[in-house]
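S.K.: Below you'll find the structure I mean.
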Amino acid sequence: MDDLVLDAARDCVLAYGVRRTTLTDVARRAGVSRMTVYRRWPDVQSLIGDLMSREWHQVLVATGEDEHDGPARSRLVARVTAGARLLREHPLLCKIRDVDPEVLLPYLLDRRGGGQDEMLRFLATAVAGGQADGSVRPGDAALMARAVFLTTQSFVLSVRTVADVVPVAEFDRELARLVDGYLRPD
């Protein structure tokens, strides 16, 4: 049932934006009663939060579908770069960024969402894996994961501000260089 409602919420946001999406619209599109939706999500904000967490989880999973060879650091850099590209091009994130950017502000300035927490766990595990195989420098894996996360987040959300004369694809290569260099053992 949750996926049915989340799919409907995604369709509504893509059609109308977050501000113009109501739980009634979502229920109608999902073919369920309003009370069914209200029992699970008390407001649009909580529904959109769960929707974003689901969508970002799918991006994280998609970056692992094409498993990469090599040491853990190389695999991590490839997944971070692929994830940044997928997020930057993700229809839901593009719609929110273009139409309702204020929805993103709490996740950029004040708190993390479930999707961000999942990405941080993935990064910390991957950094620790790289430390175990010697391809990542020693250090606090959780702190290093947060630094990679912050760097990647800027390449996802802010790259358009500097991509006026440089193709966006060039920034994917630069992100890979940054992350690889940051994690590389001395």
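The values are calculated or read from the model by the stated rules, or taken from the named source; none is laboratory data. It should be emphasised that the depicted structure is a prediction, and the values quoted were computed from it without experimental measurement. When we count neighbours, we look across all protein chains shown, and the Cβ atoms used for this are built from the backbone with ideal geometry, even at glycine. SASA here: full protein model, heavy atoms, side chains in, ligands and nucleic acids out. Shrake-Rupley method; radii C 1.70, N 1.55, O 1.52, S 1.80 Å.
S.K.: Just the accessible area for D110, please: 1.4 Å probe, Å², rounded to the nearest 10?
M.R.: Solvent-accessible area, nearest 10 Å²: 130 Å².
S.K.: Continuing with the same structure: Counting Lys and Arg as +1 and Asp and Glu as -1, what is the net charge of the other residues whose Cβ lies under 9 Å from the Cβ of P185? Display every interim value, and only then the final one.
M.R.: Values: positive: R73, R137, R184; negative: D186.
Every neighbour counted, the sum reads +2.
S.K.: How would R177, R88, R20 line up by accessible area, probe 1.4 Å, largest first?
M.R.: Numbers: R177 140, R88 20, R20 160 Å².
Ranking R177, R88, R20 by accessible area, largest first, yields R20, R177, R88.
S.K.: Between (1) 30, 23, 16; (2) 26, 21, 14; (3) 34, 18, 14, which entry matches semi-axes √(5λ) of the Cα gyration tensor in Å as derived from the coordinates of this structure?
M.R.: So the structure-derived entry is (3).
S.K.: Same structure again: Quick one: compute the contact order of the stretch 1-102, relative version, from alpha carbon pairs under 8 angstrom and 6+ residues apart, as a percent.
M.R.: 30 percent
S.K.: Using only Cα atoms, locate the centre of the stretch 158-186 and the centre of the stretch 27-43, then give the distance between them in Å, rounded to an integer.
M.R.: 41 Å
S.K.: On the accessible surface of the chain, probed at 1.4 Å, how many percent belong to carbon and sulfur atoms?
M.R.: Exposed carbon and sulfur together represent 54 percent of the surface.
S.K.: Can you give me the solvent accessible area of V136 with a 1.4 Å probe, rounded to the nearest 10 Å²?
M.R.: 10 Å²
S.K.: Once you charge only the Cβ atoms, +1 for Lys and Arg and -1 for Asp and Glu, what is the size of the charge dipole of the stretch 14-127 about its Cα centre, to the nearest 20 debye? Intermediate results must be reported in sequence, preceding the final value.
M.R.: Working: 18 positive and 15 negative charges, 64 e Å.
Dipole magnitude for the stretch 14-127 comes out near 300 debye.
S.K.: Follow-up question, since we're still on this one. Around V168, with a cut-off of 12 angstrom between Cβ atoms, what is the net charge of the other residues, counting Lys and Arg +1 and Asp and Glu -1?
M.R.: Net local charge, V168 excluded: -1.
S.K.: Right, something else. Is the stretch 1-108 best put as rounded, prolate or oblate by its Cα gyration tensor, with a ≥ b ≥ c the root eigenvalues, rounded for a/c under 1.5, and otherwise prolate when a/b is larger than b/c, oblate when not?
M.R.: Because a/c hits 1.5 or more and a/b exceeds b/c, the stretch 1-108 counts as prolate.
S.K.: In addition: In sequence order, what are the phi-derived ³J(HN,Hα) couplings for the stretch 147-155 according to the Karplus relation 6.51 cos²θ - 1.76 cosθ + 1.60 with θ = phi - 60°, rounded to whole Hz, with x for glycine and proline?
M.R.: 5, 5, 4, 4, 4, 5, 4, 5, 6
S.K.: Could you please report the charge total around V127, scoring K, R as +1 and D, E as -1 over all other residues with beta-carbon less than 13 angstrom from its beta-carbon?
M.R.: With Lys, Arg at +1 and Asp, Glu at -1, the net is +4.
S.K.: Could you give each residue of the stretch 88-100 its phi-based ³J(HN,Hα) in whole Hz, using Karplus coefficients 6.51, -1.76, 1.60 with θ = phi - 60°, and x for Gly or Pro?
M.R.: Working through the residues one at a time gives 4, 9, 5, x, 5, 5, 4, 5, 5, 4, 7, 10, 10 Hz.
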